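Undergrad: Next up is a structure, given as structure tokens.
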Amino acid sequence: MSEGAAAAQTTERLRSQGDWSTGVSSNRGGNLQRAWRRFKRNHVAVISLAVLFAIIIFSLSAGLISTYVTGYDYEENHLDLARSHPGQNGYILGSDANGRDVLTRLAYGGRVSLIFATMAALVTLLIGSIVGLVAGFAGRWTDSILMRFADVLLSIPSISILVLVSSIYRPGYFTLALVFSLLLWPGVSRIVRGETIALRNQPFIDAARVSGASNKRLVGRHILPNVLPIMLIWASQVIPAFIITEAALSFLGLGVQPPRPSWGNMLLEAQNYYMTNPSNVFLPGLMIFLTALSINLIGNGLRDALDPRMER
Amino acid sequence: MTGFIVRRLLQMIPLLLGVTFLTFAIVNFVPGSPVSTMQMNPKARPEDIERITRNLGLDKPWYERYLNWLGDLLHGDMGLSLANYTPVTDRILGVLPNTLLLTTTALALALVIAVPLGVLSAVKHNSMFDQTTTVIVTALAAIPSFWMGLLLIILFAVKFKAWGLPYLPASGMQDMRSAGGVVDRIEHLILPASALAIVQIAGWTRFIRASMLETIGQDYIRTAEAKGLPRRSVIYGHAFRNALLPLVTLVGLALPEVFGGAYLIEQIFAWNGLGRLTLNATQANDYTLVMGATLFFAFLTMAGNLLADILYSIADPRIGTKS
């Protein structure tokens, strides 16, 4: 019962946060504007958006920071200047055990972590929503088979499968993102499936069917647009989770491999000398924390803004 | 009730088959095989390699190997560790109590903190306390557990020692020199269990708050208040018990996360458990051990979920044991 009940619970919870099934939009532009107005009223969400933008700009301009601000490359060793404290020896945020500049590596690491999580989340969303739509719309045995498959993946701690896969195949950066998606799609597929089933039984779907719409059109034009908001909210919850999972895996030495920096493998390295340079442990984790927190809070804002009943 | 448990056990069979097959497939469909590294070794004689291949059963087709492996598994035999040829089952059972000690302590700690926080937040809805709790809990949800672990070590083990305050041990399960007693073991348990509990505290507090708020809004609560029951007994007698019901399922669902978290926390705190065993095995390319441990984590999770289901149906008689 737990799986079914949990899924029902999640769907129920998500639905109570926004009644997507009845919020059929006729004037999409108007709705978007209204949603943005509602979002803007949420100060916490707006500040989080600004923080997230700052982190993204910081990470994407890693090359510029390296050239103009720090003057160090991310893998440039200066062993004689290793483990400098912030501000010492011209290192703005200190240096690591190999005398590499921490600020430069934070920016490059951010780029790696953010692009990784976004990429993995998009592919997961693609796989999960296709499975969810198909399972929910087709029902019967298609649904059973796909969902049993999802159950299998959900019943194993994902990190343990990731550890198993990474330790055997030693996947590269892009392959690893794909592995994430192949293992973690069941979560979103559950939500999309539940939503699709709820929508499938709505009168407007019957109406479209009666007027001769094909299954393809029903799913593409009538169900998908109504599932999109819930997918967006899901993405805002899962990107931080992916950033943390990638960092965790890299922290175990099984994710992004050095010398390519990621916030996770910077933490792994800094763990060895936390006694002398605690700031090297603090900073990468702080970046992960700020990123995850800001995306979570933006997600909360989105959820409130996209819910048509939440006129405050 | 018995029928319900039996049915749930039967439902687990396809799930178990799926999990075992997935694990088997990941390990066995690798291009190359455990002997391919030996083939590159000029000192290895071809007949030796052939013998090892035969001993490991690698000359048979994959489905035959899967069935054999599954058969062994049914007898509790997970094969021999490739690193030192000891039975994988023994290695796993050897460290299992340590992992269970850590995870159950973390779960208990999370419950003890999350339940009162969530209930109080709901009861004092929109108060200062509620808002502060919400802020802290939202922040906690975004903290990676392994970073939290490192920060806890830096603060409570390193800095406290430097400041001359009573400090906690940074790693290990007990004091090496004095082979400590219960107090010493508890001291070693505090930091890793807290680090592991924090993620759950964040999630559960929010959940309990929401669940409690929902329950307080129900008609029978208004009835209880209307008939003049003191607020205390309405909240704790009527609302509390019903609001906590879904928590049983939630604890069951949190198990994969907690066991997954054990990988990281055990590594940071040098806690000699299943996660650390697995990670060391990955570094030694000990596939059989990694495979066994992964399966074991999956079994533990499924058993936990089953237990949660059974407990739930006992706790809430409305949930049909018939369906």
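The values are calculated or read from the model by the stated rules, or taken from the named source; none is laboratory data. Predicted model, so just to flag it, every value in this text is computed and none were measured. With ideal geometry, Cβ positions are generated from the backbone for all residues, glycine too; neighbour counts draw on all protein chains shown.
Undergrad: Quick one: is residue A:279 more than 7 Å from chain B (Cβ to nearest Cβ), surrounded by 23 or more Cβ atoms within 10 Å (Cβ to Cβ) and of a type in the set (Ser, Thr, Tyr)?
TA: Judged against the criteria, residue A:279 is not a match.
Undergrad: With the requirement that a residue be crowded, with 17+ Cβ neighbours inside 10 Å and either under 27 Å from residue A:251 (Cα atoms) or within 14 Å of another protein chain (Cβ to nearest Cβ) (or both), what does segment A:129-149 give you?
TA: Result: A:146, A:147, A:149.
Undergrad: Here is a follow-up. Could we say that residue B:110 is of a type outside the set (S, T, N, Q) and not in a helix (DSSP H, G or I) here?
TA: no
Undergrad: Of all the helices (runs of 4 or more DSSP H) wholly in segment A:200-312, which have at least 2 residues that are within 15 Å of the chain's Cα centre (by Cα) and closer than 27 Å to residue B:169 by Cα?
TA: The helices (runs of 4 or more DSSP H) meeting that bar are A:224-251, A:278-306.
Undergrad: Take the residues in segment A:292-312 that are touching a Pro at 6+ places or on another chain (Cβ under 7 Å) and modelled with pLDDT of 75 or more, then tell me which one is farthest from the other protein chains (Cβ to nearest Cβ).
TA: Filtering first and then ranking leaves A:295.
Undergrad: Would you call residue A:150 at pLDDT below 85 and touching an Asp or Glu at 6+ places or on another chain (Cβ under 7 Å)?
TA: No: the conditions fail for residue A:150.
Undergrad: Then there is this: Which one is surrounded by the most Cβ atoms within 10 Å (Cβ to Cβ) among residues in segment A:201-246 that are over 30 Å from residue A:114 (Cα atoms) and polar (S, T, N, Q)?
TA: Checked segment A:201-246; the qualifying residue surrounded by the most Cβ atoms within 10 Å (Cβ to Cβ) is A:202.
Undergrad: Looking only at segment B:54-83, count every residue that is loosely packed, with under 11 Cβ neighbours inside 10 Å, in a loop (DSSP other than H, G, I, E, B) and under 27 Å from the mean Cα position of the chain (by Cα) and tell me the total.
TA: 2
Undergrad: Here is a further query. Determine, yes or no, whether residue B:251 is on the phi < 0 side of the Ramachandran plot and either of a type outside the set (A, V, I, L, M) or more than 19 Å from the chain's Cα centre (by Cα) (or both).
TA: no
Undergrad: Moving on. Name the one entry in B:221, B:235, B:268 that is surrounded by fewer than 20 Cβ atoms within 10 Å (Cβ to Cβ), among the aliphatic types (A, V, I, L, M) and either within 14 Å of chain A (Cβ to nearest Cβ) or out of contact with any Leu (no Cβ under 6 Å at 6 or more places or on another chain) (or both).
TA: B:221
Undergrad: Could you identify the single residue in A:152, A:123 that is within 30 Å of residue B:287 (Cα to Cα) and more than 14 Å from chain B (Cβ to nearest Cβ)?
TA: One residue alone meets the criteria, A:123.
Undergrad: Residues being touching a Ser or Thr at 6+ places or on another chain (Cβ under 9 Å), within 12 Å of chain A (Cβ to nearest Cβ) and not in a helix (DSSP H, G or I): count how many of those fall in segment B:119-143.
TA: Qualifying residue count, segment B:119-143: 1.
Undergrad: Pull up segment A:155-177, narrow it to residues that are of a type in the set (Gly, Ala, Ser) and closer than 19 Å to residue A:111 by Cβ, then point me to the one that is nearest to the other protein chains (Cβ to nearest Cβ).
TA: Within segment A:155-177, the match that is nearest to the other protein chains (Cβ to nearest Cβ) is A:172.
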